[in-house]
1. Checking the structure you have, find out if any residue of the range 38-47 is within 15 Å of the ligand (Cβ to nearest atom) and within 20 Å of residue 198 (Cβ to Cβ).
2. With a cut-off of at least 2 residues that are farther than 30 Å from residue 67 by Cα, name the strands (runs of 3 or more DSSP E) lying wholly within the range 177-230.
3. Does the range 440-463 contain at least one residue that is modelled with pLDDT of 95 or more, within 16 Å of the ligand (Cβ to nearest atom), more than 19 Å from residue 108 (Cβ to Cβ) and in a loop (DSSP other than H, G, I, E, B)?
4. Would you mind stating whether residue 71 is under 22 Å from residue 173 (Cβ atoms), within 16 Å of the ligand (Cβ to nearest atom) and either in contact (Cβ under 8 Å) with a residue 24 or more places away in the chain or part of a loop (DSSP other than H, G, I, E, B) (or both)?
5. Among the residues in the range 471-489, are any assigned to a loop (DSSP other than H, G, I, E, B) and farther than 30 Å from residue 201 by Cβ?
6. Can you tell me which condition residue 162 does not meet? The list is (1) surrounded by fewer than 22 Cβ atoms within 10 Å (Cβ to Cβ); (2) modelled with pLDDT of 95 or more, and all the others hold.
7. Assuming residue 29 fulfils every condition listed in (1) more than 9 Å from the ligand (Cβ to nearest atom); (2) at positive phi; (3) within 28 Å of the chain's Cα centre (by Cα) apart from one, which condition is it?
8. State which residue is farthest from residue 412 (Cα to Cα) when the search covers only the range 246-255 and only residues that are away from the ligand (no atom under 15 Å from the Cβ) and touching a strand residue (DSSP E or B) at 6+ places or on another chain (Cβ under 9 Å).
Ligand SMILES: Cc1cc2nc3c(=O)[nH]c(=O)nc-3n(C[C@H](O)[C@H](O)[C@H](O)COP(=O)(O)OP(=O)(O)OC[C@H]3O[C@@H](n4cnc5c(N)ncnc54)[C@H](O)[C@@H]3O)c2cc1C
């Protein structure tokens, strides 16, 4: 494959005649991880500049659902009557983010989660004391707390369930509100922001990172960082070459990003010998409506179920794309479809409606009897409130009866076709190998002096799984730690 990415080779300090700007800590990228790092570095007394290639703060964080995975007994959980402990939170996440979750980072994250919740509240991020109880990728309400599969099998056997999805009070995409509050906090803490500025090369003083070279409207701009550079540039889902090399499962799927996740921070650090970790680990979200498949079923191209459809939807999405033959179908009956609350329906419409399963499986191109068999087994047990294959919770179980509908995830959501095409989208979770304090390690496992990273530019606490809220969650948590450590650097 012909390389398409630009050069990221470092520049030697001696090659820079004079720096245009100087600071103690230079944070690159103003998403949630950059905001958290910049705030803490500035609060610790460092002189901080945040570089952002876009014309304002936000990044993918600003376009996100704003869900933050927090628990262990937060004030919001307590106000709604939920007892939770760091141990239950850890047990859930170790399973859900696994196999191979980073247990050292995960332990710190769970033990520090109540404090991290209070840190957001102190920065003006409100979590309303109301619970969203439906099944959704994202509620179109301003509820402050939601379930993210903690009460679904097998997780409810592993840890005492408690809802841990904390949300700022905005319907749907609440990331903008989250980033607005964090941007205000960063500015109030005294950090300066330079927008429209794309970082392109690290500046090296021997083995130490001493600053970087950027471009603003085509002209070079140089930055001297007396203490450290913190890379919070996001992941690499928008870099087709990196995807093909490291996470090819996402090639051809939609992008869960702001369009600027080109992996530039990862590449700049790799060019000076930084190690990467878990570059093939990804988040995948299918446009298979959670409220619909929970009330009906999700089947593969053979007409077979493969999961309890009440899990966190990223889990059935990842399982489907990685392990099941497509095309995938949401199957439901008329009664089930009509019982979906309008706010959770996301304007999804059936592709086929037929009186009988025989007619439906013919329309779907399945082997005669395949879907009939699946529904017959499902109904026989649903009658008794049981799902012996996959243990979907009894509240979602009901025998399905005609007329039946099939919904195609490739049709997307909202009638506008959000997600139309492949039926799934994703983002990357692997990145620079860092310590729990964000120190970037080289391939020999040693800290590269003067270099830190957090958020999706780094590999966080994820193993091979993902739960909503853990990206904004670990990006901000370990971003804070990186900012504090960078401010301490001599
Ligand atoms: C629609 C959508 C919904 C989502 N919902 C959720 C959710 O509810 N909960 C959750 O946890 N996660 C969610 N995610 C994922 C989450 O938003 C991201 O994984 C997370 O925001 C990454 O944070 P970050 O700080 O690492 O990167 P970003 O927020 O992307 O910030 C990186 C910043 O760096 C800038 N940048 C990049 N390269 C350079 C450079 N060379 N020079 C200067 N600046 C640069 C970018 O412009 C960007 O502003 C969602 C994502 C999307 C797109």
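1. Taking every residue of the range 38-47 in turn, at least one turns out to be within 15 Å of the ligand (Cβ to nearest atom) and within 20 Å of residue 198 (Cβ to Cβ).
2. 197-205, 208-216
3. The answer is no; no qualifying residue exists.
4. For residue 71, the condition - under 22 Å from residue 173 (Cβ atoms), within 16 Å of the ligand (Cβ to nearest atom) and either in contact (Cβ under 8 Å) with a residue 24 or more places away in the chain or part of a loop (DSSP other than H, G, I, E, B) (or both) - is not met.
5. No, the range 471-489 contains no residue that is assigned to a loop (DSSP other than H, G, I, E, B) and farther than 30 Å from residue 201 by Cβ.
6. Residue 162 satisfies every listed condition except (1).
7. (1)
8. Per the stated criteria, the residue is 246.
The values are calculated or read from the model by the stated rules, or taken from the named source; none is laboratory data. For clarity, every value in this text was computed on a predicted model and none was experimentally measured. Positions of Cβ are backbone-derived with ideal geometry, glycine not excepted, and every protein chain shown enters the neighbour counts.
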